[in-house]
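Remarks on the structure that follows.
The values are calculated or read from the model by the stated rules, or taken from the named source; none is laboratory data. These numbers were taken from a predicted model, which means no experiment stands behind them. Positions of Cβ are backbone-derived with ideal geometry, glycine not excepted, and every protein chain shown enters the neighbour counts. The area values use the complete protein model at the heavy-atom level, side chains included, leaving out ligands, DNA and RNA. Shrake-Rupley method; radii C 1.70, N 1.55, O 1.52, S 1.80 Å.
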Amino acid sequence: MTTTLPLQDAAWELGPELVANRRYLHQHPELAFQEENTARFVAEKLRDLGIETQTGVAKTGVVGLLHGRGPGKTVLLRADMDALPIDELNDVSYKSQTPGVMHACGHDAHTTMLLGVARLLSERRDDFTGTVKFVFQPAEEVPPGGAQPMIAAGVLENPHVDAAFGVHTAQDLPAGLIGVVPGALAAAPDGFNARIRGLGGHAAAPHMAVDPVVVAAHCIVALQSLVSREVNPLRQAVITIGVLRAGTVRNIIPEDAYLEATVRTFDEGVRQNLAERIPALIKGIAAAMRAEAEVEYEFGYPALINDVAMTDLVRDAVGDLLGPERVIDHGPGMFGEDMAYFLQRVPGSFFLVGTANAERGLIHRAHHPRFDIDDEGALPVGVAAIAAVALRFLNG
Ligand code: NI
């Protein structure tokens with residue numbers, strides 16, 4: 001409340017604290033819905049700033065409320081807190097201290113940046129009207145995720161949220177840059193498991209058996225033609241069979257074959273159509289070849305669709321702060337992200353904070369055991385950008 005530094009300078013001044021916080025969180029990663037220590041860390045920092053803080057929202061979620069100088073709109077800023085079941089291979093002083101668990105998707109950085117934003121905005125409560133709602137959610141990595149239960153717990157009400165923003169680290173953008181994506185940014189990560197039941201037998205007597213391996217092979221090829229022949233070529237879809245399991249030895253025709261697949265789409269119509277056509281195709285091919293199939297289709301998060309006007313607001317606010325040349329128009333990706341649930345309900349924009357540093361070898365992508373980010377270069381920029389977006393929305 002005493003600071004008068006411009007936002008960007010204040011964020012740079014905060015740099016060492018941001019790096020320390022991020023490295024602490026990096027050393028103490030926790031899996032989905034087990035973010036007890038992380039939540040405690042977050043709540044303590046928020047309370048130290050005099051921010052009204054609620055814990056235990058959707059199990060380990062934390063919500064902070066910061067009121068400005070008078071009534072106005074409410075902006076929700078979201079970070080995710082969970083880590084991944086990966087053994088870290090980086091040899092750094094802040095390496096994960098929990099074997100088999102690693103912040104390999106940058107959620108330590110997201111949590112850190114949002115705490116930094118809380119700090120800057122709490123020092124500037126007289127500079128805005130309305131309310132900032134800081135949402136630290138659990139379990140982004142494990143569908144059905146932590147966003148949905150936080151929404152069910154009422155995080156979009158009291159006060160009612162008018163817009164939502166969040167960020168993800170981006171290893172295809174150098175630290176210092178911000179990426180914006182109008183419209184679809186992340187895909188609906190759906191999938192299915194299929195069991196094809198044939199009739200086992202001797203490998204030398206196929207006529208006495210129903211070979212589920214051949215049926216599975218036909219299904220796999222036909223599934224790829226769903227994408228090429230039944231999806232509008234101007235829309236996108238990907239089907240990947242990640243698991244194909246059948247048989248034990250070369251001279252036995254197995255009883256059944258098993259497939260597991262990922263299906264990703266942006267468009268809800270394409271998504272629903274594939275959810276209908278994939279089981280129909282597998283069952284139809286199986287029936288035509290005297291086998292039977294069961295298909296369990298699983299819907300993941302919806303596609304993340306950024307509001308175009310809110311994305312323009314991000315581009316303008318960050319461009320005014322950092323210079324327009326540091327705001328990059330970024331394409332969408334086919335990963336999943338449960339920020340989608342917030343953006344289904346309120347307008348907003350999810351944007352990207354560049355974290356790569358090729359000179360320092362910090363280039364490994366998310367979910368890689370050598371994933372690491374240029375925290376010194378990226379975190380202050382991300383903090384300043386998020387804070388500028390929140391202020392622009394509340395004051396604009
Ligand atoms: Ni992530």
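Using the Cβ of ALA163 as centre and a radius below 9 Å, the other residues enclosed give a net charge of -1, where K and R count +1 and D and E count -1. Its Cα centre serving as origin, the stretch 214-350 has a Cβ charge dipole (Lys and Arg +1, Asp and Glu -1) of approximately 560 debye.
Applying 0.36 nm per residue to the separation of GLU157 and ARG235 and subtracting their alpha-carbon distance, the gain on full extension is 24.6 nm.
Quickly estimate the mean residue ellipticity at 222 nm for the chain, helices only: each DSSP H run with n ≥ 4 gives -39500 (n - 2.57), and the total goes over all residues, rounded to 500. Display every interim value, and only then the final one.
Values: 10 runs with 138 residues, N = 396.
That calculation yields -11000 deg cm²/dmol at 222 nm.
If you fit an axis through the alpha-carbon atoms of helix 107-122 and take the longest principal axis of the Cα set of the chain, what angle between them do you get, 0 to 90°, nearest 10? So the inclination is approximately 30 degrees. For the chain, the solvent-accessible area of protein heavy atoms averages 42 Å² per residue (probe radius 1.4 Å; ligands and nucleic acids excluded).
Using only C-alpha positions, report the orientation-averaged shadow area of the convex hull of the chain, nm², one decimal.
Over all viewing directions, the chain projects a mean Cα-hull area of 21.1 nm².
With each label modelled as a point 7 angstrom along the Cα→C-beta vector, the PHE299-TYR24 pair spans 4.1 nm. Ranked by the mean number of other Cβ atoms within 10 Å of their residues, highest first, the peptides 264-270, 320-326, 148-154, 60-66 come out as 60-66, 264-270, 148-154, 320-326.
Amide hydrogen proximity for ASN306: with H placed 1.01 Å from N in the peptide plane, the residues at 5 or more positions away or on another chain lying under 5 Å are GLY183, ALA184, LEU185.
Separation of the stretch 25-59 and the stretch 271-310, taken as the distance between their Cα centroids, equals 37 angstrom. Rounded to the nearest angstrom and listed largest first, the equivalent-ellipsoid semi-axes of the stretch 261-319 from its Cα gyration tensor are 40, 9, 7. Computed extension gain for ASN193 through GLU52, at 0.36 nm per residue and net of the alpha carbon distance, reaches 46.3 nm. Across the stretch 255-395, the convex hull enclosing all Cα atoms gives 152 Å³ per residue.
With R₀ set to 56 Å, the beta-carbon distance separating ASP91 from SER228 gives a calculated FRET efficiency near 0.80.
Rounded to the nearest 5, the antiparallel percentage of DSSP beta bridges internal to the chain is 70%. Quick check: the angle from helix 36-48's long axis to the longest principal axis of the chain, C-alpha only, nearest 10 degrees? The angle comes out at about 20 degrees. Between 0 and 90 degrees, the angle of helix 268-288 with respect to the longest Cα principal axis of the chain falls at about 20 degrees.
Within the stretch 345-389, which residues have the backbone N less than 20 Å from the label spot 7 Å out from THR129 along Cα→beta-carbon, could you tell me? Flagged as within label range: 388-389.
Please give me the summed charge of the neighbours of ASN273: other residues whose Cβ is under 13 Å from its Cβ, Lys and Arg +1, Asp and Glu -1.
Working: positive: ARG229, ARG235, ARG271, ARG277; negative: ASP190, GLU230, ASP267, GLU268, GLU276.
Net local charge, ASN273 excluded: -1.
This model, with +1 at the C-beta of Lys and Arg and -1 at the C-beta of Asp and Glu, gives the stretch 258-317 a dipole about its Cα centre of some 280 debye.
The modelled label-to-label distance for the pair THR248/LEU5, using points 7 Å beyond Cα in the direction of Cβ, is 6.8 nm.
Shape call for the stretch 188-298 from the C-alpha gyration tensor, a ≥ b ≥ c root eigenvalues: rounded (a/c under 1.5), prolate (a/b greater than b/c) or oblate? Intermediate values should be presented prior to the final figure.
Values: a/c = 2.71, a/b = 2.35, b/c = 1.15.
Here the stretch 188-298 falls in the prolate category.
Which one of GLY50, LEU199, VAL238 has its Cα pushed farthest toward the positive end of the charge dipole of the chain, where Lys and Arg give +1 and Asp and Glu give -1 at the Cβ? With unit charges placed on the Cβ atoms, the residue in question is LEU199.
How many percent of the alpha carbon pairs in the stretch 121-196 exceed a separation of 17 Å? Mind showing how you got there, number by number?
On the way: 1918 of 2850 pairs.
Counting pairs separated by more than 17 Å, the tail of P(r) holds 67 percent.
The modelled label-to-label distance between GLU255 and HIS207, using points 7 Å beyond Cα along the C-beta direction, is 2.6 nm.
At the listed q of 0.13, 0.19, 0.26, 0.30 Å⁻¹, the Debye profile of the stretch 332-386, built from one uniform point per Cα, gives log10 I(q)/I(0) equal to -0.45, -0.85, -1.10, -1.15.
With K and R counted +1 and D and E -1, the other residues having a Cβ less than 14 Å from that of VAL263 yield a net charge of -4.
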